[in-house]
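Okay, so here's the structure we're looking at.
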Amino acid sequence: MGLTSSARANSISTPATSATSSHFSTPTPSRQPTPPPQPQSSPAQPTMTDETKGNAALDRSFLDANVDELLHQMTIDEKISLLAGKNWWETTSISRLNVPSVKVTDGPNGARGASFFKMTKASAIPSATCLASSFSTDLISEAGGLLAEEAKARGAVCLLAPTINIQRSPLGGRAFESFSEDPTLSGRIASAYIHGLQSAGVSACVKHFVGNDQEHERNGEDSVIGDRALREVYLRPFQIAQREAEPWALMTAYNKVNGTHVSENKALLQDLLRKEWGYDGLVMSDWYGTYSVSESIEAGLSLEMPGPTIWRQPRMLNHLIMSHKLDPRAIDARAHEVLAWAQKLARLNPDIVYAVPTPERTRDSADERASDAKLLRRLAGEGVVLLKNDGVLPIREGRVAVIGPNAKTRVISGGGSAALRPLWSVNAWEGMVENKPNNVELSYSLGLQGAKFLPMLDECFTTIDGKRGFDLLHYSIDANGEVAHEPTVVDTHDVSDMFLADFRHPRLGQHYVSEVRAKFTSPITGRYEFGLTVTGQGWLYIDDELVIDNATKQTLGSKFFGNGTIEEKGRVAVEKGKTYTLRVVHDSRRLVSRTVAGTPFIVKGIRIGAFPLVDAHQAMEDAVKAARAADSVVLVAGLNADYESEGFDRPTLGLPLASDELITRVAEANPNTVVVVQAGSAVSMPWADKVAGIIQAWYGGNEAGNGIADVVYGIRNPSGRLPLSFPKRESDIAAALNFKSARTKVHYSEGIWVGYKHHNARGIEPLFPFGRGLSYTSFKYSGLAINVKKGDEWTAAGRVTVTNTGQVAGDHSVHFYTAPPPESPTGLRHPEVSLQAFAKVYDLAPGKSTTVEVKLDKYAISHWDEYDSTWKVEVGEWALKVGEDAQTMVAEVPFTIDNEMAWTKL
Ligand code: BGC
C-alpha cells in the first residue's frame, strides 16, 4: 500500500490550537486488528432511572381528570414545569398528580424517533413537493395515516409536521420540506395530511408559523411582510389548515415577523391565531426558538422546546410574578393548553402514552412492510412530474444506458430535521432493474461523482471481527486534557454519517475522543479516496498511516447544522481483495478559530466517506460511449440531502459540479436521452432543449426507484403536476433581490407576487410553469360551469367534464383558477389568475369522460384590504377557469359578484 498524502503517525499530539487543552494524546492505535471488547448496552439509550421510568409508574387518573381541577391542585412550580419540555422530545410529567409526559417526533416525511445518532429505521414518504405534485387530497390523507402509525411505533403521539411555509424562493434550504409556492395548494394538501394523522389519534404540529421561508439567519432575521402578502400568501396555508383540519398543535417560527419574534408575537399568537381564528390547540416553540420569559408566556407560547428549560425556570418566573411583571393567569392559561393537549392525546393513545419511555419499534412485520411499500410506491410515482416528452417515453424496449451520479445513490429526502434512516430503499438503478420489461437491456455508467461528500462506508468495511459496520469507541478526557487509554464506551455502528446530537454518557463528560475502527477489503486495484468531515478535530488513518488531517487546518462547511467542516479528502493506493485497517480519531473539542454563527445547535458529528477514486474525465468519456452504444439513455442527476437541507439555503439553481456538462454531452451522443432529476425544488436546466425527455422525481422516499421506474416504463401513466414554478434563472425569482437577510431584515418587497403570480404579471417566461405535468395520454375539458349557492356566506360549486382523448388510461388532476374583474373597482392589482380548487380523477379509460365538482368559498374571490384590515371582494365580472398550467387557461366561465362583502373571522 502506498500513501499519497501526509505523514506516518501512531499517536497524535494535537497542535496548541485545541479548544480546551494545549496538549493531549489520543489512544494508541491497535497495530494488529484485534477484536475490541463486546458492545455494552447502546450508549444512545439512556439507562432507566426512577425519573425515566416515566409514565409507566403513573396511574391513569389523568384520563378522566378535569383539567381545571387538576390545575387547581398544582403548586405554582408544578404549573411552571409544564411550560417547557422535560427533554428533547417529551413534555414534562408530574408524578405527584399522575400527569404523564407525551412524546413528539419529527416530521415531516417520516417519524425519525428520538435519536439523530441512532435513528430508528423508518418508512420515508416522499418530500413535500412530491406529495403536493400529486394534487390528491385522498392520497395525502392516506400518507398521514401511515405517518400516524410510524409515530406511534416510536412511542410518539405528535408528529412535528407538516411544514407549510411558502416557497418564496426555490433556493430556500427547506423548500423540499414545504408543499408549494401557492397558498391554496399548500393549505389543502396540509389539511389532508393533518386529517390523516389526527383521525388516527396523532397530533399534527403545523410549522413554522410564520415567515420562516429561508434558512439564512433564521433565528434572528426579521421577515418584513406587508399585511396583504402576510394574509394572502404566508398565513393563508395555516388559515386553511385551521378552517379545514384544525391541527391540535402549532410550532412557532424561529424568526421575527415585522419586528417581533413569532414566539413572543402577541399580534400573531393571540390576536390572530387564537382570537380571530379560534385556534384552541397547543403552541410550541421551534427547538431553541424561545427568546424571552414573560413576553413569550403572555403572547401565548404554551410550550418551550426542547427541555430542560432555558427560560422558564421556577425561580425566575416566581420572581416575575412577585414583581407583577408576569400575570399568573397567563401561566394558568399556558399550563391549561399543555394539559388539555396532553389529555386529548393520552385518551386517544393510552397504551402508547403510558408506556413512554419505551424502546422504539420499526414497523417491519411482513404485513406492515407490504402495505407501507405499496403506498410508498404509489406516493413516489404519483408525485413524479413528466416535464418533457418528445415521444421517447415510456421506454418498453431496446438497450438503455442508465447513467448519472444519482442512479445508484440512495436519495431519500432532503436533510436536517427531516432526515430519516429508511428501513429499506430502492434507488433508481434498482427500480429500473427490478421492473425491467423483457425487451429492455440495461447498462450502467457513473458519468460523474456528483455528491458533495463521498459515499458512506459500505459493505467493503466491517468491524474488526468481521461484522457489518464498524467499531466505535469513546474515550473520556480528564481535567488536564489527557485522553484515557481505555475506552469508556465500546459500541458498533453501521452508518458512517454520525450526527452525535443526542449521544451522551454519564462518564464521558461534555468532550471526549471517539475512535472508529474497521477492516476494509478493497474491491479494486487502484486508488481509493477517503473523506472526513468533523465538528471537532479528526484524523483518518489507513494501516496506521495518516491519510487525512482534519485538524491542523480546517474550513467550516454546511454539515451538522453548520457546525461541521467541509469534507477533507485523502487518497490511498490499494489492491483488490487485500484487507486494510481504517482508523478515525475524533476529538470533539473544537479549534478556537472555528466560530459557528447562525445555529442554536452546538453539536458533535463525524462523517466518513470512501469511494474508488473517480477519474472525472474518464467517467464522462465512458458515459458518452455508453450513451452512443444504447438506443436510449436514462440519466439520473440532481441534488441530495447534502445540497438541500435545513440549516442553509442553496446558492444557485444549478445542478452540482459538472452535471450540466454530462447531460449535454450525453444528449449530444444519444438523441433519446431522458433526464430524471432528483431534487426537492426547482433546478435550472440549461440543456432542456437538447434532451428528449425530462422527469422531475423529487425525493421519493424508500420507494424512490420504483416510483421512477414505474413512469419510465409506463407501468404508471404520470399524473404529477408542478407545485411551483421552475424559473429559467435566479434573477427571474420574485424574491431574487431580497432573499437573504440583509443586516437582519428580509424585505418581502415582492408582496403578493410570488411564483406564477409574479411570472404571469411580469410576462416572465418560466422554464416550466406551475401546474405543468404531462401524461402518456391527453385530456380535454368541456362543460365548465359554476353554480353560486344561496346563503349567508358566498359559496359556489365549479364543475367540468374531463375526457380521455388519448390511447391509454390515465389519472388527471383538474386545476380551477379564479380571475378577478379586469378593472378592479378598488384600484387594487390582483393576480391575473389564482388557483382555488383542484380535483383528481383516477384511471380514466381512453374515450371515457367523467365530471368533477369542486367547492369554492368566499376566499376564492377575496383579497386582504390593508386600509380596513378585513377580507373583501371585488364587485364585478369574475371568471372561473381551468388551467393546463398557470400560464395556459383552456376553459372559462364568467360569474358576477354584485355585492360588497367584508369579514375578518376565519
Ligand atoms: C426544526 C423543526 C424541527 C425541530 C426538532 C428544528 O431545527 O426547525 O422543524 O421540528 O428542529 O427537530
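The values are calculated or read from the model by the stated rules, or taken from the named source; none is laboratory data. None of the values given here were measured: they were computed from a predicted structure. Every residue, glycine as well, gets a Cβ built from its backbone with ideal geometry; the counts of neighbours run over all protein chains shown. Surface accessibility is based on the protein's heavy atoms, side chains included, excluding ligands, DNA and RNA. Shrake-Rupley method; radii C 1.70, N 1.55, O 1.52, S 1.80 Å.
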Does at least one position in segment 791-800 carry a residue that is open to solvent by 30 Å² or more (accessible area, probe 1.4 Å), touching a Lys or Arg at 6+ places or on another chain (Cβ under 8 Å), within 30 Å of Gly391 (Cβ to Cβ) and not in a helix (DSSP H, G or I)? no
Check segment 337-357 and report whether any residue there is outside the structural domain of Ala501 (by TED's automatic domain parsing), outside any helix (DSSP H, G or I), in contact with a strand residue (DSSP E or B) (Cβ under 9 Å, 6 or more places away or on another chain) and in contact (Cβ under 8 Å) with a residue 40 or more places away in the chain. yes
Mind counting the residues in segment 698-735 that are part of a loop (DSSP other than H, G, I, E, B) and either of a type outside the set (D, E, K, R) or open to solvent by less than 10 Å² (accessible area, probe 1.4 Å) (or both)? 19
Qualifying residue in segment 651-667 (condition: within 16 Å of the ligand (Cβ to nearest atom) and closer than 30 Å to Ala419 by Cβ): no
Going through segment 108-130 in order, the residues found to be outside any loop (DSSP other than H, G, I, E, B) and over 12 Å from the mean Cα position of the chain (by Cα) are Lys121, Ala122
Would you call Ser127 away from the ligand (no atom under 16 Å from the Cβ), touching a helix residue (DSSP H, G or I) at 6+ places or on another chain (Cβ under 8 Å) and among the hydroxyl-bearing types (Ser, Thr, Tyr)? no
I'd like to know if segment 225-245 contains one or more residues that are open to solvent by 10 Å² or more (accessible area, probe 1.4 Å), of a type outside the set (Lys, Arg), closer than 21 Å to Leu185 by Cα and not in a helix (DSSP H, G or I). yes
Is it the case that some residue within segment 774-781 is open to solvent by less than 10 Å² (accessible area, probe 1.4 Å), in a loop (DSSP other than H, G, I, E, B) and either free of Cβ contacts under 8 Å to residues at least 40 places away in the same chain or not acidic (Asp, Glu) (or both)? no
Please go through segment 449-480 and give me each residue that is under 28 Å from the mean Cα position of the chain (by Cα) and on the phi < 0 side of the Ramachandran plot, ordered by number. Gln449, Gly450, Ala451, Lys452, Phe453, Leu454, Pro455, Met456, Leu457, Asp458, Glu459
For Pro308: the one exception among (1) free of Cβ contacts under 8 Å to residues at least 60 places away in the same chain; (2) surrounded by fewer than 20 Cβ atoms within 10 Å (Cβ to Cβ); (3) not in a helix (DSSP H, G or I): (1)
If we keep just the residues of segment 806-828 that are touching a helix residue (DSSP H, G or I) at 6+ places or on another chain (Cβ under 8 Å) and in contact (Cβ under 8 Å) with a residue 60 or more places away in the chain, which is farthest from Glu900 (Cα to Cα)? Asp811
Which numbered condition trips up Leu301, out of (1) open to solvent by 10 Å² or more (accessible area, probe 1.4 Å); (2) within 16 Å of the ligand (Cβ to nearest atom)? (1)
Restricting segment 396-405 to residues that are open to solvent by 10 Å² or more (accessible area, probe 1.4 Å) and in a loop (DSSP other than H, G, I, E, B), the one farthest from the ligand (Cβ to nearest atom) turns out to be Glu397
Got a sec? Which of Leu171, Leu185, Leu197 is more than 14 Å from the ligand (Cβ to nearest atom), assigned to a loop (DSSP other than H, G, I, E, B) and crowded, with 24+ Cβ neighbours inside 10 Å? Leu171
I'm checking my understanding of the structure. Among residues of segment 200-219 that are in contact with a Pro (Cβ under 8 Å, 6 or more places away or on another chain) and either part of a strand (DSSP E or B) or at positive phi (or both), which one is surrounded by the most Cβ atoms within 10 Å (Cβ to Cβ)? Ala204
Only one residue in Ala161, Ala192, Ala148 is within 16 Å of the ligand (Cβ to nearest atom) and not charged (D, E, K, R), so which one is that? Ala161
In this structure, does Glu884 turn out to be exposed (fewer than 15 other Cβ atoms within 10 Å of the Cβ) and under 30 Å from Leu386 (Cα atoms)? no
For Leu423, all conditions in the list (1) aliphatic (A, V, I, L, M); (2) in the same structural domain as Ile663 (by TED's automatic domain parsing); (3) under 30 Å from Phe117 (Cα atoms) hold save one; what is the number of the exception? (2)
Go through segment 246-296 residue by residue and tally those that are buried (at least 24 other Cβ atoms within 10 Å of the Cβ), among the aliphatic types (A, V, I, L, M) and in a helix (DSSP H, G or I). 4
Does Asn438 satisfy the condition of being modelled with pLDDT of 95 or more and surrounded by fewer than 24 Cβ atoms within 10 Å (Cβ to Cβ)? yes
Regarding Phe838, is this residue aromatic (Phe, Trp, Tyr), assigned to a strand (DSSP E or B) and open to solvent by 20 Å² or more (accessible area, probe 1.4 Å)? yes
